[in-house]
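> Below: one structure in structure tokens.
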Amino acid sequence: MSVRTLRIPTRSVRMIERNAMAFRRNWMVIFSGFVEPVLYLLGIGFGIGSLVRTIPIGDGHTVSYAVFVAPALMASSAMNGAIYESTFNLFYKLRYARTFEAVISTPVGVEDATLGEVMWAIGRGSLYSVGFVIVMLALGLVASPWAILAVPASILVGFAFAALGAALTTFVRQWQDLDIIQLALQPMFLFSATFFPVTVYPPALRLLVEWTPLYRGIDLVRGLTTGGVGPGLLGDVAYLAVMGLIGVTIAALRLRSRLLK
Amino acid sequence: MAVRVVEHNVVVFRRLWRGYIMVSFFTPLFFLASMGLGLGSLVNRGSGGVGGVPYIDYLAPGLLAATTMQAAAFECMYPILAKILWDRIYDAMLATRLSVRDVIAGEVAWVALRMLMVATIFWVVMAAFGVAHTFESLLVIPAAALNGLAFATPIMAFTATQRNDNAFSTIFRFVITPLYLLGGAFFPISSLPGALQAVAWATPLAHGVELCRGLVLGDLVPAQAVLHLTVLLAYAIAGVVFVRPLLTKRLLK
């Protein structure tokens with residue numbers, strides 16, 4: 001079989017199993033990542049929120065600032081959990097632990113391992129978003145029954161960023177390159193309508209922001225938890241799904257040609 | 001002799017300074033643009049700023065203090081443990097004429113220098129946003145550096161007792177990040193629940209934030225300035241007092 005063609009992955013679950021076992025003693029590291037978005041919610045959502053009071057959303061009605069910020073933090077935590085796993089940890093496995101070499105010497109193939117890694121990263125992101133939505137419910141920050149779809153929406157956000165991270169990681173040659181990815185994530189977190197609506201921006205800048213992936217994720221999750229549901233959300237879903245599929249394909253192709261020489 | 005320890009750090013720093021300067025420049029730039037201007041426009045509309053000043057003027061000096069706290073905490077965790085345990089630089093240093101005392105003095109001086117760098121870059125960004133307009137506001141640079149030291153030396157003492165880096169991420173998640181977000185930089189401590197207000201005032205950050213804010217906004221009351229300075233100095237000195245026996249015990253077994 002040519003190095004260029006991909007096999008349908010059927011054994012990805014083995015890779016997930018492997019990661020779960022490797023993390024058995026380290027689950028506190030995963031768990032504590034949940035704390036940061038909650039602190040942002042308390043500090044920014046309620047702390048600054050008491051200074052902002054209410055915020056107008058889409059169709060003319062207003063919500064409290066914490067209701068506005070919470071879904072953005074939910075989407076961001078899905079992104080952060082997923083991309084951290086698929087960049088730093090994946091790079092370590094590829095470059096230092098040589099996990100992939102070991103895995104593909106078994107019946108598990110490169111495609112299985114790649115998809116398994118992406119699914120594991122999605123799992124980590126989803127853990128944070130599920131935890132976060134429980135906090136939102138407890139604090140009364142869910143304004144619509146559509147919010148039930150916010151969890152699958154966050155999983156989609158996790159998929160898009162896990163795949164992007166995995167694809168980018170195949171190009172990474174040293175740790176410093178990962179810092180560049182981190183440096184790009186910070187402005188995305190701060191400017192993707194996370195803390196204020198895009199209407200604050202001048203039109204050209206607004207258009208630019210609306211094309212970034214985290215904005216799409218936030219728009220989707222916020223639409224669902226605040227009840228601003230419209231056809232625009234389907235555009236977000238399509239954007240994130242396409243991004244994820246492209247990312248995971250690039251990652252699998254590049255890993256295949258790199259590992260099966 | 002402590003100057004030799006500083007020199008060691010300078011040599012290492014010269015290889016990595018581009019990355020450090022980028023982070024010290026872009027992080028305040030992004031945060032002030034997003035939180036100060038973007039979110040600030042909502043705060044100004046919602047309640048006319050904070051305490052009579054636009055939100056970005058309120059935020060910037062507080063964020064400066066929070067930033068030196070964060071940077072100082074980092075500097076005194078991983079790099080110090082690396083020198084104790086992983087690279088054993090201190091063992092190498094102590095094999096020369098340097099004493100543990102020199103090592104500590106050199107490290108503290110180096111962290112102070114690093115915090116002055118961080119604060120200076122931050123001041124430049126702040127000035128670019130039109131926040132620090134007065135000549136006196138330059139005093140915020142040493143004030144923020146002192147705030148950093150108030151965290152640096154106690155954390156150094158803690159690091160001297162550690163066998164691996166597991167506890168560091170816990171300290172970041174449960175101490176540094178909560179202080180960063182809730183400790184007075186982003187909104188007044190008076191809007192925290194009562195018990196948490198007391199906790200906030202017991203930490204150096206609340207005093208560092210107030211000191212920096214007073215210097216930048218030009219409304220510092222001298223009596224309060226003395227109180228804030230005293231708390232910050234007390235933490236910094238207490239840290240040094242603890243780090244000496246702990247690091248001596250660790251390095252000269």
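> Consider a paramagnetic label point 7 Å from the Cα of residue A:144 along Cα→Cβ; state which residues of the stretch A:34-74 have an amide N under 12 Å from it.
A:57-61
> Can you work out ³J(HN,Hα) from phi for every residue in the stretch A:160-177, in order, using Karplus 6.51 cos²θ - 1.76 cosθ + 1.60 and θ = phi - 60°, giving whole Hz and x for Gly and Pro?
4, 7, 4, 5, 4, x, 5, 4, 5, 4, 5, 9, 6, 10, 8, 4, 4, 5
> Then there is this: I want the local charge near residue B:247. Using Cβ-Cβ distances under 13 Å, sum +1 for each Lys or Arg and -1 for each Asp or Glu among the other residues.
Net charge in that neighbourhood comes out at +3.
> What shape does the stretch B:29-83 have by the C-alpha gyration tensor, where a ≥ b ≥ c are the square roots of the eigenvalues, rounded means a/c under 1.5, and otherwise prolate means a/b greater than b/c and oblate the rest?
Values: a/c = 5.13, a/b = 3.13, b/c = 1.64.
Prolate is the answer for the stretch B:29-83, as a/c is 1.5 or above and a/b outweighs b/c.
> Turning to a different aspect of this structure: Determine one quarter of the surface area of the Cα convex hull of the stretch B:31-119, which equals its mean projected area, and express it in nm² to one decimal.
Seen from a random direction, the Cα hull of the stretch B:31-119 projects 7.4 nm² on average.
> Against the globular-protein guess of 2.2 N^0.38 Å, express the Cα radius of gyration of the stretch B:46-185 as a ratio, rounded to two decimals.
On the way: Rg = 17.6 Å, N = 140, 2.2 N^0.38 = 14.4 Å.
Its radius of gyration relative to the 2.2 N^0.38 Å reference: 1.22.
> Let me ask another. Looking at the stretch B:93-155, which trypsin sites (Lys or Arg not before Pro) are DSSP coil and have at most 13 other C-beta atoms within 10 Å of their C-beta?
B:97
> Where the centre of each part is set by its Cα atoms, how far does the stretch A:8-67 sit from the stretch B:75-117, in angstrom?
37
> Under a Cβ-Cβ cut-off of 11 Å, what is the net charge of the residues other than residue A:99 that fall near it, where Lys and Arg count +1 and Asp and Glu count -1? Provide the component values of the computation, followed by the final result.
Numbers: positive: A:18, A:93, A:95, A:98; negative: A:101, A:117.
Combined, the nearby Lys, Arg, Asp and Glu give +2.
> Mind sorting B:20, A:84 by how few other Cβ atoms lie within 10 Å of their own Cβ, fewest first?
Ascending Cβ contact count within 10 Å gives the list B:20, A:84.
> Residue B:92 to residue B:167: FRET efficiency via 1/(1 + (r/R0)^6), r the Cβ-Cβ distance, R0 22 Å, to the nearest 0.05?
0.30
> What Kirkwood hydrodynamic radius, in Å, does the stretch B:2-251 give when the mean of 1/r is taken over all pairs of distinct Cα atoms and then inverted? Mind dumping the intermediate values first?
On the way: mean 1/r = 0.0535 Å⁻¹.
Answer for the stretch B:2-251: a Kirkwood hydrodynamic radius of 18.7 Å.
> Would you please give the FRET efficiency between residue B:45 and residue B:244, computed as 1/(1 + (r/R0)^6) with r the Cβ-Cβ distance and R0 = 51 Å, to the nearest 0.05?
0.45
> How big is the gap, in Å, between the Cα center of the stretch A:195-261 and the Cα center of the stretch A:93-161?
Cα centroid of the stretch A:195-261 versus Cα centroid of the stretch A:93-161: 16 Å apart.
> Can you tell me the length gained on complete extension of the stretch residue A:5 to residue A:17, counting 0.36 nm per residue apart and subtracting the Cα distance?
Gain on extension, residue A:5 to residue A:17, equals 1.7 nm.
> DSSP loop (so not H, G, I, E, B), at most 12 other Cβ within 10 Å: list which trypsin sites (Lys or Arg not before Pro) in the stretch B:160-239 pass both filters.
Filter output for the stretch B:160-239: B:163.
> If you average the C-alpha positions of the stretch B:3-42 and of the stretch B:192-207 separately, how far apart do those two centres end up, in angstrom?
27
> If all Cα-Cα distances of the stretch A:12-259 are sorted into 5 Å bins from 0 onward, what percent lands in each bin, rounded to whole numbers?
1, 6, 14, 18, 19, 15, 11, 7, 5, 3, 1, 0
> In which sequence would A:236, B:102, A:177 go, from the one with the fewest C-beta neighbours within 10 Å to the one with the most?
Sorted ascending by nearby Cβ count, the order is A:177, B:102, A:236.
> Okay, moving on. If the chain between residue B:237 and residue B:199 were fully stretched, how many nm would it gain, using 0.36 nm times the residue separation less the Cα-Cα distance?
Difference between extended and current length: 11.6 nm.
> Among B:250, A:124, what is the fewest-to-most ranking by other Cβ atoms within 10 Å?
Placing the least packed residue first, the sequence is B:250, A:124.
> Quick check: from the Cα gyration tensor, does the protein assembly as shown come out rounded (a/c under 1.5), prolate or oblate?
Judged from the Cα gyration tensor, the protein assembly as shown comes out oblate (a/c at least 1.5, b/c at or above a/b).
No lab work stands behind these numbers, since they all come straight from the coordinates. Quantities reported herein were computed from a predicted structural model and do not represent experimental measurements. Here Cβ is always computed from backbone atoms with ideal geometry, including for glycine, and neighbour counts include all displayed protein chains.
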